[in-house]
1. Considering every residue within region 57-75, establish whether at least one is exposed (fewer than 13 other Cβ atoms within 10 Å of the Cβ), of a type in the set (Val, Ile, Thr), assigned by TED's automatic domain parsing to the domain that holds Gln28 and at pLDDT 85 or above.
Amino acid sequence: MGAAEDGLAKLQAVVGKEGVGEWHTVDQKQINLFADATLDHQFIHIDPEKSAQLSPYKVTIAHGFLTLTDDSEVIYLVDEFYSPENERVVRYDDPRFRIEWPAEVRVISDKDRTARDFDPAYHLSR
């Protein structure tokens, strides 16, 4: 059985089983960053004072797409098949890719900031 088939068999074995991971709080900073990324600056997302006055919820709310994108983090946190030895990081400003970002990158994790330059022998290996 190859690696893909083995991985599929492992996933099929946990279908319907509950996975429990760490809690993740979506704070106003994350909501604001998402608003900047999507250019959706409606007050209901980014203005706590106006939301307190005009929103039926009396607080800001996360954009629906933000709640969907967190699925990838949730799956990562509860996936028992994560193996750190197989993890690879491709840095957003890696010179090999020459990506010209339309806006300045303002927030980046230490892990991403210190990632090594892309090397096919390393990044594409198993």
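The values are calculated or read from the model by the stated rules, or taken from the named source; none is laboratory data. Just so it is clear, the structure is predicted and the values come from calculations on it, not from any experiment. Note: ideal-geometry Cβ built from the backbone for every residue, glycine included; neighbour counts use all protein chains shown.
1. Yes; the residues of region 57-75 include at least one that is exposed (fewer than 13 other Cβ atoms within 10 Å of the Cβ), of a type in the set (Val, Ile, Thr), assigned by TED's automatic domain parsing to the domain that holds Gln28 and at pLDDT 85 or above.
A quick yes/no check of all residues on (1) in contact with a Pro (Cβ under 8 Å, 6 or more places away or on another chain); (2) modelled with pLDDT of 80 or more; (3) assigned to a loop (DSSP other than H, G, I, E, B):
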{"position": "Leu8", "(1), (2), (3)": "no, no, no"}
{"position": "Asn32", "(1), (2), (3)": "no, yes, no"}
{"position": "Phe81", "(1), (2), (3)": "no, no, yes"}
{"position": "Val90", "(1), (2), (3)": "no, yes, yes"}
